[in-house]
Structure formats: C-alpha cells, structure tokens
1. Take residues that are polar (S, T, N, Q), at pLDDT 95 or above and farther than 20 Å from Thr103 by Cβ and tell me which of the strands (runs of 3 or more DSSP E) falling wholly in segment 1-66 contain 2 or more.
2. Return the total of residues in segment 31-65 being within 19 Å of Ala108 (Cα to Cα) and surrounded by 18 or more Cβ atoms within 10 Å (Cβ to Cβ).
3. Does Ile153 satisfy the condition of being over 11 Å from the mean Cα position of the chain (by Cα), exposed (fewer than 15 other Cβ atoms within 10 Å of the Cβ), modelled with pLDDT of 95 or more and β-branched (Val, Ile, Thr)?
4. Identify the single condition in (1) in a strand (DSSP E or B); (2) surrounded by fewer than 14 Cβ atoms within 10 Å (Cβ to Cβ) that Ala88 does not satisfy, given that it satisfies every other one.
5. Only residues that are buried (at least 17 other Cβ atoms within 10 Å of the Cβ) and within 22 Å of Asp184 (Cβ to Cβ): list them for segment 102-124, please.
6. Name the strands (runs of 3 or more DSSP E) wholly within segment 109-178 that hold at least 2 residues that are in contact with a Gly (Cβ under 8 Å, 6 or more places away or on another chain) and not β-branched (Val, Ile, Thr)?
7. Any residue at all in segment 83-96 that's within 15 Å of the chain's Cα centre (by Cα) and among the polar types (S, T, N, Q)?
Amino acid sequence: MKKYNILILIISMVFMQVVNAENNNYVIDESHFSLGFMVEHAGYAKTLGMFKKVSGSFNYDKGKNLLSNVEIIIDTSSVFTNHEKRDAHLRSPDFLDVVKFPTMRFIADNNNLNMNPNKVTGELTLLGISKKITLHAVINKIEKYPFGFIKPIVMGVSATASFNRTDFGMDYAVGENGVGNQIDLIIEFEAIKQ
C-alpha cells in the first residue's frame, strides 16, 4: 500500500510538471513594442501619437489557449506626438497629469481565447480610475527567433482597442471643435518566453 501511494505521488508530481510547463511566462521585449493612439483634432484629422516606454509580462498556456497574469505598465511621461508643445500639454493636468499619475496600467487574467477568440478583456487604469476594456488581439506567431546568437521562443501580437477618455475623467476640450473623446489604440509587440 505504501509503494502504491508513493507511485501515485510520483505520477502526480510528473503530471503537474507537464501541466505547469505549458503555462509559459512571457516578458515584453521593450525594443519591439509599439503602443500608438489616434484621436480626432477638431474634426479636421486624427492626431497620431505613441508611448515610448512600456513594460510588462503575461502567462500563456498554448495547449489551453489561455492568457493570464497580464500586466502592462505604460510610462505616461513618454507620450510623443512629434510636437513638443502639444506633448508638454498632454503631460499636464489637462490630460495625462503625469506628475500625479506617472503610469497607466492594463491588467487581465484568465482570458480563454478558445471561448472568446481574439478578445482579451481586462482593466485599464488611467488617472487613477479603472475601467474594463477589451483588446481585439491576434497572436501572429510563436516560434524560435531567427536573429542573434541566442534564439529564444518569441510571441508576436497585434491588437487594437478603443475607449472614451471622459470615462476616466479626462474631459478637457471635448466637443465639436475640440479634441475627440474616443481614443483608438494600436498595439504591436514581441514577447520573449522565459
């Protein structure tokens, strides 16, 4: 009976290791991450911008197609629209208020991509307010990286999302001849399997 119990224990441990091995941790490659945004400018055209400093990680179980423990941190002071005066205004309390809120975060857990294909739902925290948003995401590829001496496994992802900035208390200049309310996000990144 003792031998039988030990055998069960060993099999269980091996099984757990196999199961856990599927749930891999990925870390964002900061040199291959682009977070862009577009917003209407007085109805004439959309202003394009980006955040230049982003970090984060997540777990992905390829066998179950399950995404979990997602945390993306955006340095709000890294906002860039190719116009210094506008960028300074975006950093001010009128918009991102970067002194008071130096980061913006997206967190998500337990997104089953079989049940909800190409949808990652989580919480965006901006200006200290957290709201649910859904990213429309596509995993482009998970393969050994073709460049360099060390060739890690890399995942490539493309995603988009939209939200209203007034939902987060950012209501400066919203109106017909002002700055648009809807913010469209464009996300492209590579993440390295740990």
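1. Numbers: elements: 23-41, 45-51, 54-61.
Those strands (runs of 3 or more DSSP E) span 23-41.
2. Looking only at that region, the number is 6.
3. Spelling it out, Ile153 is indeed over 11 Å from the mean Cα position of the chain (by Cα), exposed (fewer than 15 other Cβ atoms within 10 Å of the Cβ), modelled with pLDDT of 95 or more and β-branched (Val, Ile, Thr).
4. Condition (1) is where Ala88 drops out.
5. We begin by selecting, within segment 102-124, every residue buried (at least 17 other Cβ atoms within 10 Å of the Cβ); these are 104, 106, 108, 111, 113, 120, 122, 124.
Met104, Phe106, Ala108, Asn111, Val120, Gly122, Leu124 - these are the residues of segment 102-124 that are buried (at least 17 other Cβ atoms within 10 Å of the Cβ) and within 22 Å of Asp184 (Cβ to Cβ).
6. 129-144
7. no
The values are calculated or read from the model by the stated rules, or taken from the named source; none is laboratory data. From a predicted model like this one, the values you see are computed outputs, not experimental measurements. Cβ: placed from backbone, ideal geometry, glycine included. Neighbour counts: every protein chain shown.
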